[in-house]
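Here is the structure we will look at, set down as C-alpha cells.
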6 protein chains.
Amino acid sequence: MGFQHREEHVDEGMLLVQANIDDMNPELCSYVGDLLFEAGANDVYWVPIIMKKGRPGIMLNVLVGDCELSSIEEVIFRETTTIGLRYMRAVCHRLARQFESVATPWGEINVKVGYHRGDMVQFAPEFKDCEQAAKQHGVPLKRVYDEVRRLFLSRIS
Amino acid sequence: MGFQHREEHVDEGMLLVQANIDDMNPELCSYVGDLLFEAGANDVYWVPIIMKKGRPGIMLNVLVGDCELSSIEEVIFRETTTIGLRYMRAVCHRLARQFESVATPWGEINVKVGYHRGDMVQFAPEFKDCEQAAKQHGVPLKRVYDEVRRLFLSRIS
Amino acid sequence: MGFQHREEHVDEGMLLVQANIDDMNPELCSYVGDLLFEAGANDVYWVPIIMKKGRPGIMLNVLVGDCELSSIEEVIFRETTTIGLRYMRAVCHRLARQFESVATPWGEINVKVGYHRGDMVQFAPEFKDCEQAAKQHGVPLKRVYDEVRRLFLSRIS
Amino acid sequence: MGFQHREEHVDEGMLLVQANIDDMNPELCSYVGDLLFEAGANDVYWVPIIMKKGRPGIMLNVLVGDCELSSIEEVIFRETTTIGLRYMRAVCHRLARQFESVATPWGEINVKVGYHRGDMVQFAPEFKDCEQAAKQHGVPLKRVYDEVRRLFLSRIS
Amino acid sequence: MGFQHREEHVDEGMLLVQANIDDMNPELCSYVGDLLFEAGANDVYWVPIIMKKGRPGIMLNVLVGDCELSSIEEVIFRETTTIGLRYMRAVCHRLARQFESVATPWGEINVKVGYHRGDMVQFAPEFKDCEQAAKQHGVPLKRVYDEVRRLFLSRIS
Amino acid sequence: MGFQHREEHVDEGMLLVQANIDDMNPELCSYVGDLLFEAGANDVYWVPIIMKKGRPGIMLNVLVGDCELSSIEEVIFRETTTIGLRYMRAVCHRLARQFESVATPWGEINVKVGYHRGDMVQFAPEFKDCEQAAKQHGVPLKRVYDEVRRLFLSRIS
C-alpha cells in the first residue's frame with residue numbers, strides 16, 4: 001500500500017543535550033526550538049524545573065546525533081541565555097515507519113504507521129492533514145481523528 | 001503550655017489575585033514574592049503553565065485581603081512584566097494556631113499546633129528553628145524534625 | 001439503546017476548595033483523594049506549585065457542592081497537614097450522560113456518551129471495562145480502546 | 001508618539017472557565033487554543049495536573065467575558081473530550097496600553113507600553129516583529145530584543 | 001531484630017529508558033506502569049514536558065537492568081503510542097535494606113530501614129501497612145505514620 | 001576591561017546524579033540544596049514528577065564532578081529520604097566567563113559575560129548586585145536589570 005519505508009533501527013551515536021535556563025524570556029522558546037530542528041535536532045522538548053534559590057526555570061532538552069553536536073551548541077549559546085550545557089550518550093531505538101493514505105469525507109489523510117519486529121504496533125493520523133481538513137470543512141478536529149482511525153482500522157481488520 | 005493563641009476563623013473578605021507571566025526573567029520571582037509578603041499578602045505561590053503559542057510560563061498567585069488589593073496590584077505592576085491581572089473572591093478558613101516549645105538535645109524548638117473545632121489536628125516543627133539547630137549541631141535536618149515530632153507526640157500521648 | 005440518562009445541567013452551588021501543602025509526605029495523596037470522594041467530592045486533583053522560599057509544593061483542589069463543604073474540610077484538616085484552606089464559588093456545567101454498551105471480541109464494554117443541547121459531542125470507552133478486557137485477554141489496552149471506538153462509531157454513522 | 005491608546009480599566013464581568021482533561025490527545029491543544037481565541041477568549045492557558053488515580057492531566061483555562069461564555073462552552077464541548085466544565089467570576093484589571101515604534105538596524109519594531117495610573121510600568125518589544133527581524137537578518141532573537149529595549153530606554157531617559 | 005537483609009550495592013548495568021509521548025490518552029499511564037513493573041522495571045515515573053509546537057506531553061521514564069531492556073521495549077511499543085525511545089547507561093547505588101516490625105495500637109506495622117556504610121540513615125513506615133491500619137481503625141493515615149515513627153525512634157534511641 | 005577570566009572548556013568527568021523522592025517533606029529541599037553546593041555540586045535542581053501509584057514526587061538532580069561523587073552521595077543519603085540513587089556520565093561544556101563592572105545611578109553592578117569561541121554570546125547582570133541596589137534605592141528590580149543591560153550594551157556598541 002504505502003512506501004517511504006524506513007527500517008526499524010537502533011542508533012548508538014546519539015546525545016541528549018541539556019541546558020538549565022532561569023533568566024531567559026520564555027517567549028523565545030518556540031523560536032529556539034525551530035532553529036534547533038533546522039540545525040539537525042531529532043527532538044526538542046522543555047521541562048519545567050526548580051532551580052537554585054527556588055527559581056522556576058526550564059530545562060532545554062535536545063536529542064541529536066554526534067555529528068550535529070557542534071551546530072546545536074552554536075544555536076544554544078547564540079540564542080538562549082545559558083553559559084553552560086551538558087550532554088549524555090544515548091541510544092535511540094526507532095520503529096520502522098510507513099505512511100499510508102486514508103480516503104475520508106474530507107479528502108485523503110495520511111496515517112503514520114509504526115512497526116516493531118514486523119508487527120504494526122502504532123498508527124497515528126498526521127496532525128497537519130487532520131488540522132487542515134478540520135479547518136477547511138468546519139468539523140471538530142477530534143472527529144476527523146476519530147474517523148481516520150476508524151477507517152484505517154476497518155481496512156486492516 | 002503555649003500561648004499566642006489565634007482562634008479558628010473563616011475570613012470571607014479574601015481575594016485570589018493571579019497574573020500569567022511569560023516574558024519575565026524567572027530570577028525575579030523570589031524577590032517579587034518577598035515584596036508581596038511585605039505589602040500584605042497572606043500567601044504567594046507560582047504555578048508552571050503553558051501559555052499562548054505553547055510558551056512555558058508561570059502564573060503568579062497572591063492570596064490577599066480586600067483592603068490590601070491595591071498595594072498588591074502596585075507591586076505586581078511595578079515589579080513584574082504583566083500588563084494585566086485578575087482576581088476572584090475567596091473565603092479562607094484558618095485553624096486555631098498555637099506555638100509550643102519542645103526541649104531537644106539541640107535546644108528549644110517551636111512546634112506550630114493547629115486546632116479544628118477544639119481538636120488538635122496538626123503539629124509542625126518550625127522550619128527555621130530546626131534548620132538552625134541542624135546547622136549549629138551538624139545533625140541531619142530530617143533527624144531534628146523526627147526528634148521534635150517524637151518528643152512532642154510523647155508528651156501529649 | 002442505552003439508559004441511565006442524566007440531563008445536561010448547570011449547577012450554581014459548587015465550591016472549588018484549595019489547600020497548598022508543602023510539608024506532607026506525598027505518599028498520602030491518593031489515600032486522601034479516595035477519602036475526599038467518599039466524603040462527597042465531585043472531583044479531586046493536584047497541581048504542582050512553587051511555594052514560599054522556592055519550596056516545591058502541591059495544591060490540593062476539590063470541587064464540591066455547598067452542602068458537602070464541611071465534610072470535605074473535615075477530611076482535609078484531619079488527613080493532610082495544612083492549617084488553612086480557601087474556597088471560591090464555582091458554577092458547574094455538566095453534559096447529559098448516557099452509557100451505551102458495545103459488543104467487542106473481548107465482551108461487552110460500556111461507552112460513556114455526552115450530549116450538549118441534544119447533540120452527541122463526546123464518547124469515551126469506560127476505562128475499567130477496557131482495562132479488564134485487556135488484562136483478561138492479553139491484548140494491548142490501547143487496542144481495546146481503538147476497537148471499542150471503531151465499533152461505536154461504525155454503529156452510529 | 002504612539003496612538004492606539006486604551007485606558008487602564010477594571011472589568012468586573014469576566015469568567016475563568018476551567019476543564020480538566022485526562023483522555024484527550026495533547027496534540028489538539030494548540031488547535032483548541034486558536035479556536036477559543038477566535039470565539040472571543042481573552043486568554044487561554046494550560047496547567048499540568050494530577051487527576052484521579054494519579055493520572056497526568058491538563059487543565060484548560062479560558063478567561064472570557066460574560067457574553068462570550070456560551071461560544072466558549074460550545075468550542076470546549078465540541079473540540080475537547082471533557083464532559084463538564086466549571087467557571088468562576090473574575091475581575092480583570094488591565095493597564096493602559098500603547099504601541100510605540102522604535103527604529104532599529106533591522107527596521108521598525110513595535111514596543112507595547114503599559115501604564116498604571118499614568119506611569120509607564122511596562123514595555124515589551126513585540127514578539128512577532130522581533131522574530132521577523134531576527135529571521136530576515138540572521139541575528140539572534142535575543143539580540144534584537146536587547147537592542148530594541150536599549151533603544152527604547154535611551155529615548156525615554 | 002529484623003532480617004531480609006540486602007547489602008548496600010552499586011549496580012553498573014542499569015539503563016534509563018525514556019519515551020516522549022504527546023498523543024496518548026493519559027488514562028493509560030497507570031496501566032502501562034503496572035505492566036512495566038511486571039516486565040522487570042526497577043522504577044517507573046512520568047515527567048510533564050512541553051514538546052514540539054508547545055504541546056503538553058509526558059515523558060515516560062523506566063529504570064531497568066540491561067537484561068530486561070527488550071521486555072521493557074516490548075511493553076512500551078505495544079502499550080504506548082510512541083514510535084521511538086532512547087536509553088542511557090546509568091549506575092544505581094542502593095542502600096542496604098531491612099524490614100523491622102513495630103507494634104502499634106493498630107497492629108504490627110513494618111518499617112523499611114536503609115543503611116549507608118553500616119549506619120542507619122533512613123526509615124520509612126510501609127505505606128500499605130499504614131494505609132490498611134488507618135482504614136480498618138478509622139484513624140487518620142498521618143497519625144498512623146507519626147505513631148509508627150515515634151515508636152520506632154523510641155526503641156532505637 | 002575585566003579580569004577573572006576562565007577559559008571555555010569541555011569537562012568530560014561529570015556525573016548527573018538523580019534521586020526520586022516521594023516521602024520527604026518538601027520544606028527540606030532548599031536546605032538540602034545548600035548542603036549539596038557546599039559538598040561540591042556544580043548545579044542542583046528539582047523536577048516535579050509523577051511516581052508509582054500516581055504520587056506527586058520530586059526528582060533531585062545534582063551535577064557533580066567524578067571526585068565529589070561520594071561527598072554528594074553522603075549528603076543525599078543523610079539528608080533526604082531516598083534509599084537509592086542513580087547517576088549517568090555527562091560532559092559539560094562551559095563558556096569562558098568574565099565579570100565586568102557597570103556604573104549605574106545606584107552604584108557599580110557586575111555583569112557576567114560569556115564567550116563562545118572568542119565571541120561574546122551572553123551577558124547577565126549579577127542578581128545579587130541588582131537585588132541589593134533595588135532594595136537600597138527603592139527602585140523596581142526589573143528597572144535595575146534593564147538599566148544595567150542598557151548601559152552595558154551602549155558601552156560595547
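The values are calculated or read from the model by the stated rules, or taken from the named source; none is laboratory data. The structure displayed is predicted, hence computed values, not measured ones. Virtual Cβ from ideal backbone geometry, glycine too; neighbours counted across all protein chains shown. For accessibility, only protein heavy atoms count, side chains too; no ligands or nucleic acids. Shrake-Rupley method; radii C 1.70, N 1.55, O 1.52, S 1.80 Å.
Listed values, structure above:
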quantity	calculated
Per-residue HN-Hα couplings for segment E:15-30 [Karplus 6.51, -1.76, 1.60; θ = phi - 60°; Hz; x = Gly/Pro]	10, 9, 9, 10, 9, 8, 10, 10, 9, 10, 4, x, 4, 6, 3, 5
HN-Hα J in Hz across segment D:87-98 - Karplus 6.51, -1.76, 1.60, θ = phi - 60°, x for Gly and Pro	8, 10, 5, 9, 10, 9, 10, 10, 5, 5, 10, 8
Segment F:78-141, relative contact order [Cα under 8 Å, separation at least 6], %	20
Cβ nearest the rotation axis (D onto F), residue from chain D and distance to the nearest whole Å	D:Gly54, 0
Long-range HN-HN contacts of A:Val121 with modeled amide H, under 5 Å	A:Gly114, A:Tyr115, A:His116
Part-to-part distance (alpha-carbon centres) for segment D:29-47 and segment A:104-146, which is given in Å	22
Charge dipole of segment D:96-156 about the Cα centre (unit charges at C-beta), most positive-ward option of D:Tyr115, D:Gln98, D:Ser154	D:Tyr115
Separation of the A:Arg155 and F:Glu108 label points, Cα + 7 Å toward Cβ, nm	7.2
Nm distances between copies for C:Glu74, ranked from closest, using label points 7 Å along Cα→Cβ	4.5, 4.5, 5.1, 5.2, 6.8
Per-residue HN-Hα couplings for segment D:103-109 [Karplus 6.51, -1.76, 1.60; θ = phi - 60°; Hz; x = Gly/Pro]	8, 10, x, 10, x, 6, 10
Residues whose placed amide H lies under 5 Å from that of F:Gln98, excluding near-sequence neighbours	F:Val113
Cα long-axis angle, helix D:141-156 against chain D (0 to 90 degrees, to the nearest 10)	60
Amide H partners (placed H, <5 Å) of B:Glu126, local residues excluded	B:Asn110, B:Val111, B:Lys112
F versus A: buried accessible surface, summed, Å² (probe 1.4 Å, to nearest 100)	2000
Chain D: most fluctuating residue of D:Ile83, D:Ile21, D:Ile58 per GNM, C-alpha cutoff 10 Å	D:Ile83
Cα coordinate range in segment A:1-136, projected on the principal axes (Å, largest first)	54, 38, 26
Label point 7 Å beyond Cα along the C-beta direction, distances from C:Asp11 to other copies (nm, shortest first)	3.0, 3.0, 4.6, 5.0, 5.6
Estimated 222 nm signal from helices in chain A, with DSSP H stretches of n ≥ 4 weighted -39500 (n - 2.57), rounded to 500	-9500 deg cm²/dmol
Partner lysines for E:Lys52 [C-alpha distance under 25 Å; skip if fewer than 8 residues away on the same chain]	A:Lys112, A:Lys128, A:Lys135, A:Lys142, B:Lys52, B:Lys53, C:Lys142, D:Lys128, D:Lys135, D:Lys142
Label-to-label distance, nm, for residues given as C:Gln132 and F:His137 (7 Å Cα→Cβ offset)	7.1
Under 12 Å, Cβ to Cβ, from F:Glu73 - net charge with Lys/Arg +1 and Asp/Glu -1	0
R0 of 41 Å, Cβ-Cβ distance E:Asp119-B:Arg117: FRET efficiency to nearest 0.05	0.40
Exam field: C:Ser157 pseudo-label spacings to other copies (7 Å along Cα-Cβ), nanometres	1.2, 5.8, 6.3, 6.3, 6.8
Dipole in debye (nearest 20) - chain A, about Cα centre, beta carbon charges: Lys, Arg +1; Asp, Glu -1	600
Equivalent ellipsoid semi-axes, the protein assembly as shown, via Cα gyration tensor eigenvalues times 5, rooted, Å	38, 38, 32
Accessible surface of E:Glu7 - all protein chains present, 1.4 Å probe, nearest 10 Å²	120
With Cα atoms, 0 to 90° folded angle of helix C:69-79 axis to chain C main axis	70
Solution diffusion estimate, µm²/s, Stokes-Einstein, segment D:87-157, Kirkwood Rh from C-alpha pairs, 25 °C, viscosity 0.890 mPa s	185
Residue among B:His116, B:His93, B:His137 with the largest mean-square fluctuation in a Gaussian network model of chain B, springs linking Cα atoms under 10 Å	B:His137
Rounded to 10°, Cα long-axis angle of helix C:127-137 versus longest principal axis of chain C	60
Number of partner chain Cβ atoms within 10 Å, mean per residue of F:104-111	0
Relative contact order of segment C:17-144, pairs being alpha-carbon contacts under 8 Å that are 6 or more residues apart, as %	20
